[in-house]
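See structure below.
All of the numbers you see were taken from the coordinates with simple rules; none came from a lab. Given the structure is predicted, the values throughout are model-derived calculations rather than measurements. Quick reminder, even Gly has a Cβ in these numbers, built from the backbone with ideal geometry, and neighbours come from all protein chains shown.
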Amino acid sequence: MNLKIETAPTEEPISLEEAKRHLRLAVTAGDASSYNEEDGLLERLIATARGQAETSTGRALITQTWNLYLDAWPAGDFIEVPLPPLVSATVTYRLEDDSGYDNTFSDVVVDTVREPGRITLLDGYTWPTEDLYTTNAIKVTFIGGYGGADDVPYEIKSAVLLMLSDLYENRGDVVVGTTIGKNDAADMLLLPYRAWSFR
């Protein structure tokens with residue numbers, strides 16, 4: 001299995017202003033926008049914290065498009081799609097002498113309710129039997145994520161803010177003899193959202 005992002009998120013689950021308020025960076029009381037000296041740094045840290053949350057949960061938070069490549073059709077009747085919640089998916093494939101993914105396989109049902117989502121064969125159908133290209137012959141293009149920032153569950157957003165705090169407060173190398181502990185509160189907030197495979 002090989003995953004490659006096609007369209008990255010166009011926003012983050014936490015706004016710059018939310019980050020500043022959480023970090024108490026407002027210069028004027030109640031006005032988070034008045035502090036802008038580290039906007040570039042904060043934007044990078046927000047993206048990093050979001051990435052940590054996605055890695056920890058195995059989820060896509062903000063809408064994004066990915067390509068999942070397989071060398072062969074599955075032995076069973078479904079393809080499990082990572083990075084829930086799944087929004088939609090299409091299956092194309094490349095034959096031995098094809099120059100691209102010119103063949104679409106549509107005899108499937110896309111299950112967006114189950115997590116992780118699945119692409120399942122329709123009753124009575126089988127996977128194509130033509131000779132496939134040597135590697136990465138099957139491409140599943142899928143959209144995952146909750147939607148925009150307002151659609152991300154508040155527990156996940158709270159965990160992102162906690163991880164952002166750790167990143168902001170610990171910017172340098174770890175000094176010998178000291179440790180940066182795990183963020184147990186963030187881990188507990190993310191635990192119910194971890195995507196488990198039930199193969």
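Between Tyr125 and Thr10, what is the FRET efficiency for a Förster distance of 41 Å, r being their Cβ-Cβ separation, to the nearest 0.05?
Plugging the Cβ-Cβ distance into 1/(1 + (r/R0)^6) gives 0.70.
Show the residues, 5+ positions off or on another chain, whose built amide H is closer than 5 Å to the amide H of Asn136.
Asp71
Working from Cα positions, state the angle (0 to 90°, nearest 10) between the long axis of helix 39-57 and the longest principal axis of the chain.
The angle comes out near 50 degrees.
Between Glu17 and Asp71, what is the FRET efficiency for a Förster distance of 41 Å, r being their Cβ-Cβ separation, to the nearest 0.05?
FRET efficiency, Glu17 to Asp71: 0.35.
Compute the length gained on full extension between Thr90 and Tyr154: take 0.36 nm times their separation in residues and subtract their Cα-Cα distance, giving the result in nm to one decimal.
Residue separation times 0.36 nm, minus the Cα-Cα distance, leaves 20.0 nm.
When the C-alpha atoms of the chain are aligned to their principal axes, what extent does each axis show, in angstrom, from largest down?
Cα extents, longest axis first: 65, 38, 32 Å.
For the residue pair Asp98 and Asp166, what label-to-label distance in nm results when each label sits 7 Å from Cα along the Cα-to-beta-carbon direction?
4.3 nm
Helix 154-169: angle to the longest alpha-carbon principal axis of the chain, degrees 0 to 90, nearest 10?
Here the helix axis deviates by roughly 60 degrees.
Quick one: Debye curve from the C-alpha atoms of segment 64-144, no solvent, what's log10 I(q)/I(0) at q = 0.14, 0.19, 0.23, 0.27 Å⁻¹?
-0.43, -0.78, -1.11, -1.39
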